[in-house]
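The values are calculated or read from the model by the stated rules, or taken from the named source; none is laboratory data. Keep in mind the model is a prediction, meaning the values are calculated, not measured. Note: ideal-geometry Cβ built from the backbone for every residue, glycine included; neighbour counts use all protein chains shown.
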Amino acid sequence: MSLRDRIAGDLEGDLQDKPGQSAIDRLLALSLSERTGTLAWRVLWVLDGACLDPLISALAGEAEVSRELAEMAVHEAMSQDCLTCRGRATLMLGDRKLDCQACLATGKRRYSDRARAAYLRVSLKAYRQQAGRFKKVSALLSAYEMAVAPEMRERLK
Ligand SMILES: [Zn+2]
């Protein structure tokens, strides 16, 4: 669903009673999330370094997690390709095509809890205590990526 559709849907939703939330509040929240989505687009697709810190701050604020967790989510999103098959999911052995075992033929790089703990410079146990929060901010960033991509492609036409 495009951001425009989401905004339209949310404004329609305002025609029904929603205690404690005015249309202005919801519009403000949507414009903030559109800003975060735009920042995500600029960092992940345009590789605009100037947007990196604002994106990390916005994600940390919205997901209510530390900046370190938000930064790790952005870094993982920037290097999603499996290092073995370079994102192709398969390996060529002569004329034989084999599924990449490193990524289980997904093409996606898999990050272990141990690698994440090392990135954060904390113990494995300390990382696992915040793994739920990391998943939350990582899922938020993915949602922005998916929401913004069609809208941005439309604008770039
Ligand atoms: Zn692979």
Residues of the range 56-66 being assigned to a helix (DSSP H, G or I) and either acidic (Asp, Glu) or within 16 Å of the ligand (Cβ to nearest atom) (or both), in sequence order, are Glu62
Given (1) away from the ligand (no atom under 16 Å from the Cβ); (2) more than 27 Å from Leu39 (Cβ to Cβ); (3) under 20 Å from the mean Cα position of the chain (by Cα), Cys103 misses just (1)
Among residues of the range 26-54 being small (Gly, Ala, Ser) and at pLDDT 85 or above, the residue nearest to Tyr144 (Cα to Cα) is Gly37
Screening Ala131, Ala147 for residues that are under 22 Å from Ala60 (Cβ atoms), under 21 Å from the mean Cα position of the chain (by Cα), of a type in the set (Gly, Ala, Ser) and surrounded by fewer than 16 Cβ atoms within 10 Å (Cβ to Cβ) leaves only Ala131
Output for Cβ contacts, cut-off 6 Å, separation at least six or different chains, first residue among the aliphatic types (A, V, I, L, M) in the range 101-112, second within 8 Å of the ligand (Cβ to nearest atom), reads Ala102/Cys82; Ala102/Thr84; Ala105/Ala89
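Only residues that are more than 30 Å from Leu91 (Cβ to Cβ) and assigned to a helix (DSSP H, G or I): list them for the range 101-131, please. Break it down stepwise before answering.
Looking only at the range 101-131, we keep the residues that are more than 30 Å from Leu91 (Cβ to Cβ), and these are 120-131.
Residues satisfying the conditions are Leu120, Leu124, Lys125, Ala126, Tyr127, Arg128, Gln129, Gln130, Ala131.
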Filter the range 67-89 for residues that are more than 8 Å from the ligand (Cβ to nearest atom) and without any contact (Cβ under 8 Å) to a residue 24 or more places away in the chain; the one that is surrounded by the fewest Cβ atoms within 10 Å (Cβ to Cβ) is Arg67
Lys108 vs (1) farther than 18 Å from Leu52 by Cα; (2) in contact with a Ser or Thr (Cβ under 7 Å, 6 or more places away or on another chain): all pass except (2)
Subset of the range 106-135, residues at pLDDT 95 or above and among the basic types (Lys, Arg), comes to Arg114, Arg116, Arg121, Lys125, Arg128, Arg133, Lys135
